[in-house]
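The values are calculated or read from the model by the stated rules, or taken from the named source; none is laboratory data. Small disclaimer: the values here were computed from a predicted structure and weren't measured. Here the Cβ positions follow ideal geometry from the backbone for every residue, glycine too, while neighbour counts run over all protein chains shown. Remember, those area values only see protein heavy atoms, side chains included, never the ligands or the DNA or RNA. Shrake-Rupley method; radii C 1.70, N 1.55, O 1.52, S 1.80 Å.
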Amino acid sequence: MLKDIVEVSVRSNHRLHIRFEDGVSGEIDVAAISNFVGVFAALRDEASFAQAALNPELGTVQWPNGADLDPDVLYSMLSGIDVKVAA
């Protein structure tokens, strides 16, 4: 993993504001990167989505149903650094 997420806050319309340990931060539109199928299906509901929380052990965002997001992908989206190149 490149960097851990150290802060997350839920915004409206399936968006999260996240900050990484190195200061890279920004807003992620989860609807743009998820089809809300499988474990993510419950997150279509804004109330379920709003239960997003930081999992400090994994360094990423996680929901009570076990859904989580790949921090490398999120870091790449916010920083513009290709995960494949940086790894």
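Summary table
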quantity	calculated
Which numbered condition I81 fails, given (1) open to solvent by 60 Å² or more (accessible area, probe 1.4 Å); (2) part of a helix (DSSP H, G or I); (3) touching a residue at least 60 places away in the same chain (Cβ under 8 Å)	(2)
Considering residues of region 3-18 that are surrounded by 17 or more Cβ atoms within 10 Å (Cβ to Cβ) and free of Cβ contacts under 8 Å to residues at least 60 places away in the same chain only, the residue nearest to T60 (Cα to Cα)	V8
Answer residue from region 50-75, given it is open to solvent by 60 Å² or more (accessible area, probe 1.4 Å) and in a loop (DSSP other than H, G, I, E, B) and is nearest to V6 (Cα to Cα) among those	P56
Residue pairs meeting the criteria (Cβ under 7 Å; at least 6 apart or on separate chains; first within 21 Å of D22 (Cα to Cα) and at pLDDT below 95, in region 51-77; second open to solvent by 20 Å² or more (accessible area, probe 1.4 Å) and part of a strand (DSSP E or B))	L58/D68
Residues within region 19-47 that are open to solvent by less than 40 Å² (accessible area, probe 1.4 Å) and either in contact with an Asp or Glu (Cβ under 9 Å, 6 or more places away or on another chain) or more than 16 Å from A67 (Cβ to Cβ) (or both), tallied	3
